[in-house]
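Q: Here it is, the structure in full.
Here, each number is a calculation from the coordinates, and none is a lab measurement. Model, not experiment: these values are computed from the prediction. Neighbour counts are summed over all protein chains in view; Cβ atoms, including those assigned to glycine, are modelled from backbone coordinates with ideal geometry.
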Amino acid sequence: MANKLLDKVEIPQDRYEMRFSGSGGQGMILATVMLAEAIGATDDRNVVQSQSYGPEARGGASKSDVVISANEIFYPKAMQLDFLLVMTQESMDKYYSDLKEGGILVVDTTLVTDIPTDNYYGLPFTRLAREEAGHIMVANVIALAAIAEITGIISKDALTAAVLKRAPKGTEEKNKKAIEIGFAEAAKLKKQKGS
């Protein structure tokens, strides 16, 4: 299955770099692990996931990167972001400058209010998790599903399989609901933006 997003993006070394950022405890690392596993299981692309550790794990800005390429990946860290997910204002302030011109920015509008550009996709992931899915801990899964819808980087079926493989026992239904919410909300947003 060809990767639609990489086919659209002209990168000389065929390298697509993504960063998920937020605060420790929001599940950014788990989200990138699930995305990398979904891409690795269904695509002929190479994928590598990495994350930051240290004090970020206790509430500061945290990040986790995914690098995708049809070729061998010699350096696993993101250098110039093609895509950035921002779940907190602190992570916006810290990582926005790493997004290259023309890159895709996705923002949790529940927690991020100062956005330095008009060119972004904004959805209230944290509020949707609390009010629609019934638990704030699935905000990362809602965001992941929205990203899949916005970018076309992975199919809904592949993403669902990866999420359910990693979901703690007893949370499967909440995670399925989170996936539905993410895809539906992102589809509405794309229609509004005309993209």
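Q: Please identify the helices of the chain, taking whole runs of DSSP H, that span at least 20 Å along their own axis as judged from the Cα atoms and have a mean Kyte-Doolittle score of 0.5 or higher.
A: Values: long enough: 28-42 (21 Å, 1.77); 172-193 (32 Å, -1.18).
Answer set is 28-42.
Q: At what distance in nm do the modelled label points of PHE74 and LEU164 sit from each other, each positioned 7 Å from its Cα along Cα→Cβ?
A: 4.1 nm
Q: Ranked by Cβ crowding within 10 angstrom, fewest neighbours first, how are GLU131, GLU185, GLU72 ordered?
A: Fewest to most other Cβ atoms nearby, the residues stand as GLU72, GLU131, GLU185.
Q: Taking the Cα centre of segment 14-193 as origin, sum charge times position over the Cβ atoms of Lys and Arg (+1) and Asp and Glu (-1), and report the length of that vector in debye to the nearest 20.
A: Once rounded to the nearest 20, the dipole reads 400 debye.
Q: Which order results if ASP118, ASP14, ASP82, ASP44 are arranged by neighbouring Cβ count within 10 Å, fewest first?
A: ASP118, ASP44, ASP14, ASP82
Q: Oh, and also: Taking the C-alpha atoms of the chain, how large are the radius of gyration and the largest Cα-Cα span, Dmax, in Å?
A: Rg then Dmax for the chain, in Å: 15.3, 44.
Q: So how do 139-151, 95-107 stack up, highest first, on mean other-Cβ count within 10 Å?
A: Going from most to least packed, we get 139-151, 95-107.
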